[in-house]
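Participant: This is the structure I have questions about; it appears just below.
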Amino acid sequence: MKLIRELHESIKEDSKLIIFCDNKILYDQSQNTYTFEIKDLNPINHTGPFLCIASSESYCIYVLEVNKNEPILGLFMDPNSVNFVDLRQILGFLDQSSFLIASRASILSAWALNSKFCSLCGKAYSFNDAEGAFECSCNNAPNYPSISPCIITLIHDDDKILLGRSKFFPPNMYSTLAGFIEAGESAEEALIREVKEEIGITIGENDLKKIGVMKSFQSYKSGIIDNEFHTIFISKLNDDIENLSPQKEEVEALKTVSISLFKKLLENSENNSHFVTSNKEYYVFVLKKIKDFIKKNKT
Ligand SMILES: [Zn+2]
């Protein structure tokens, strides 16, 4: 899968669509998927251009923004299981590559929607294919998206890890918290805001420790390199879990697990469905960093 940013006049055959409505993403709970094949949807009566965000040899992925009352569900799609949900509610149980594509779709969709007119002179923007950016004939700088979801793992009482689940997760599944960086925010500011929104507590910027970045780089002809990544942090949680007030829409349940239990759950993740199986390597990395973190903070 190649990550791209292109505008196409029409949607190519055999494509997949990621569909947004009012900042929510169309999600099929029974299939655990947010990409839909054109043939399964009602005919799309939109005119181009269409934003293509990724392509493979056999298909492209487009992002489509629809209106609330648009009948997009095809005849054989079950309206009980296919709904618009807040992307944050499902982020935690997507594997790392789906996580990246879903966040990318959300951010690029908002970027394209907000890039109709030049911010300097007000003329309509045109799209520069080579740059993957909107530009204007005036002197305004091209308008690039900034793509940066982030993840945080909170550690309580030195050796307990905070996990949460949303109502859209399969039974028993938990994950660490995740969110998006809004325009103009640093990763740290975004996490402080997300943690406040999701579980109602304030963490200090000095408590955040960046432990890694997962990247996917994209070069453009101009030599400009787009950093598409998600940043991973850990932080100490100074409140008791009883004092947390999870935002029910996003976090259905919270719990803490000891490092040894976390390890055990992870080792059996193929069978116990406690974590997304394919994210095992990622969690092993986080776990190692947590151990280093605790060791350092004790000395
Ligand atoms: Zn302009």
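Where a number appears in this text, it was derived from the coordinates with a stated rule and is not lab data. Note that the structure is predicted; figures quoted are calculated from it, not measured. Note: ideal-geometry Cβ built from the backbone for every residue, glycine included; neighbour counts use all protein chains shown.
Participant: Residue by residue through the range 108-132, note down the ones that are charged (D, E, K, R) and more than 19 Å from residue 2 (Cα to Cα).
Facilitator: Our first condition is that a residue be charged (D, E, K, R); within the range 108-132, this holds for 116, 123, 129, 131.
Scanning the range 108-132 gives 116, 123.
Participant: Could you please give the count of residues in the range 7-28 that are in a loop (DSSP other than H, G, I, E, B) and either in contact with a Leu (Cβ under 6 Å, 6 or more places away or on another chain) or surrounded by fewer than 17 Cβ atoms within 10 Å (Cβ to Cβ) (or both)?
Facilitator: Here is the first cut: in the range 7-28, the ones in a loop (DSSP other than H, G, I, E, B) are 9-15, 22-23.
When the remaining residues are screened for being either in contact with a Leu (Cβ under 6 Å, 6 or more places away or on another chain) or surrounded by fewer than 17 Cβ atoms within 10 Å (Cβ to Cβ) (or both), the result is 9-10, 12-14, 22-23.
Of the residues in that region, 7 qualify.
Participant: Pull up the range 118-133, narrow it to residues that are hydroxyl-bearing (Ser, Thr, Tyr) and near the ligand (Cβ under 9 Å from one of its atoms), then point me to the one that is surrounded by the most Cβ atoms within 10 Å (Cβ to Cβ). Don't jump to the end; show me each part of the working.
Facilitator: Initial filter on the range 118-133 (hydroxyl-bearing (Ser, Thr, Tyr)): 119, 125-126.
Next cut, near the ligand (Cβ under 9 Å from one of its atoms) only: 119, 125.
Details: 119: 13, 125: 19.
The qualifying residue surrounded by the most Cβ atoms within 10 Å (Cβ to Cβ) is 125.
Participant: Looking at the range 135-156, which of the residues that are in contact with a helix residue (DSSP H, G or I) (Cβ under 7 Å, 6 or more places away or on another chain) and within 17 Å of residue 230 (Cβ to Cβ) is farthest from the ligand (Cβ to nearest atom)? Spell out how you get there, then give the answer.
Facilitator: Step one: list which residues in the range 135-156 are in contact with a helix residue (DSSP H, G or I) (Cβ under 7 Å, 6 or more places away or on another chain), which gives 145, 147-150, 152-153, 155-156.
Now restrict to residues that are within 17 Å of residue 230 (Cβ to Cβ): 145, 147-150, 152-153.
Working: 145: 18, 147: 23, 148: 26, 149: 30, 150: 32, 152: 38, 153: 43 Å.
Among residues in the range 135-156 that are in contact with a helix residue (DSSP H, G or I) (Cβ under 7 Å, 6 or more places away or on another chain) and within 17 Å of residue 230 (Cβ to Cβ), the one farthest from the ligand (Cβ to nearest atom) is 153.
Participant: Working only within the range 167-204, note down all residues that are touching an Asp or Glu at 6+ places or on another chain (Cβ under 9 Å) and part of a strand (DSSP E or B).
Facilitator: 177, 178, 179, 180
Participant: Given the residues 280, 263, which is the only one that is in a helix (DSSP H, G or I), surrounded by 12 or more Cβ atoms within 10 Å (Cβ to Cβ) and under 19 Å from the mean Cα position of the chain (by Cα)?
Facilitator: Working: 263 fails: under 19 Å from the mean Cα position of the chain (by Cα).
Step by step, each of 280, 263 is checked, and only 280 is in a helix (DSSP H, G or I), surrounded by 12 or more Cβ atoms within 10 Å (Cβ to Cβ) and under 19 Å from the mean Cα position of the chain (by Cα).
Participant: List the number of the failed condition for residue 84; all other conditions in (1) in a strand (DSSP E or B); (2) surrounded by 21 or more Cβ atoms within 10 Å (Cβ to Cβ) hold.
Facilitator: (2)
Participant: A follow-up question, please. Going residue by residue through the range 98-112, is there one that turns out to be surrounded by 19 or more Cβ atoms within 10 Å (Cβ to Cβ), in contact with a Pro (Cβ under 9 Å, 6 or more places away or on another chain) and without any contact (Cβ under 8 Å) to a residue 60 or more places away in the chain?
Facilitator: Yes, there is a match, as at least one residue in the range 98-112 is surrounded by 19 or more Cβ atoms within 10 Å (Cβ to Cβ), in contact with a Pro (Cβ under 9 Å, 6 or more places away or on another chain) and without any contact (Cβ under 8 Å) to a residue 60 or more places away in the chain.
Participant: Inside the range 115-166, counting only strands (runs of 3 or more DSSP E) that do not spill past its ends, which hold 2 or more residues that are touching a residue at least 40 places away in the same chain (Cβ under 8 Å)?
Facilitator: On the way: elements: 126-128, 133-135, 149-156, 160-165.
Per the criteria, 149-156, 160-165.
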